[in-house]
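This report concerns only the one structure given below.
The values are calculated or read from the model by the stated rules, or taken from the named source; none is laboratory data. As the structure is a prediction and not an experimental result, all values here were calculated from the model. A quick note on method: Cβ atoms are made from the backbone with ideal geometry, for glycine too, and the neighbour counts reach across all protein chains shown.
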Amino acid sequence: MANSEKTAAIAEIADKFRESGAAVLTEYRGLTVAQLSQLRTSIREHATYAVVKNTLTERAAKEAGITAFDGHLQGPSAIAFITGDPVEAAKGLRDFAKAHPLLVIKAGVLDGKTLSPEEITKLADLESREVLLAKLAGAMKGSLNKAAYLFVAPLSQTARVVDALRQKVEAQGPATPAAADEATTDVAEGGDES
């Protein structure tokens, strides 16, 4: 490979690192071309999976400011450059590695933080972004319903109290104007006699 080709390859890999929110380094020794194609297809929505040259990748990682792969770039290496949901990409890699034990997850990087293979597995165990957003929306809807109930409750209590008072007055019977006049006359006559 000529120097200009190497420089271009390093720049291309460095750009992929910069454009990706995460990356996972794997070793694919012993996997067939068909199996690698199957892996690419399974994670295509969230990541691109590229076979890389170790020395060029090491230089590109340094150029991009990534140290997560230091000491791991040995043997046949490939990197999943994750541009979509990192949880779904990690699930795809984990599930493929379970079905094909020859795929070895060596290291990863997520938002500049180095990830061990165990941390990548924990990431894969998380629920997807869509599920977490749906749960958050459900919790917020429940909170809004509760808040609406709290705002309406005093009004409905007041309405019930007013209705109870109305029913009590109706149960006592209506006050007739003649009875009200007699009460007024009795008070007035009592005041004259004294």
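Some points to look at:
- Test result for Gly65, in contact with a helix residue (DSSP H, G or I) (Cβ under 9 Å, 6 or more places away or on another chain) and surrounded by fewer than 20 Cβ atoms within 10 Å (Cβ to Cβ): yes
- Filter pass, Glu88 being surrounded by 11 or more Cβ atoms within 10 Å (Cβ to Cβ) and assigned by TED's automatic domain parsing to the domain that holds Tyr28: yes
- Members of the range 1-24 found to be of a type outside the set (Val, Ile, Thr), over 19 Å from Leu115 (Cα atoms) and surrounded by fewer than 17 Cβ atoms within 10 Å (Cβ to Cβ), listed by number: Met1, Ala2, Asn3, Ser4, Glu5, Lys6, Ala8, Ala11, Glu12, Asp15
- For the range 38-57, the criterion of being acidic (Asp, Glu) and either more than 31 Å from the chain's Cα centre (by Cα) or closer than 14 Å to Ile105 by Cα (or both) is satisfied by no residue at all.
- Residue in the range 122-130 that is within 25 Å of Ser37 (Cα to Cα), of a type in the set (A, V, I, L, M, F, W, C) and either in contact (Cβ under 8 Å) with a residue 24 or more places away in the chain or in contact with a strand residue (DSSP E or B) (Cβ under 8 Å, 6 or more places away or on another chain) (or both) present: yes
- Residue satisfying condition, being in contact with a Ser or Thr (Cβ under 8 Å, 6 or more places away or on another chain) and at pLDDT 75 or above, within set Leu103, Leu133, Leu110, Leu165: Leu103
- Residue selected from the range 25-47 under the condition of a type in the set (S, T, N, Q) and crowded, with 18+ Cβ neighbours inside 10 Å, by the criterion farthest from Pro76 (Cα to Cα): Ser42
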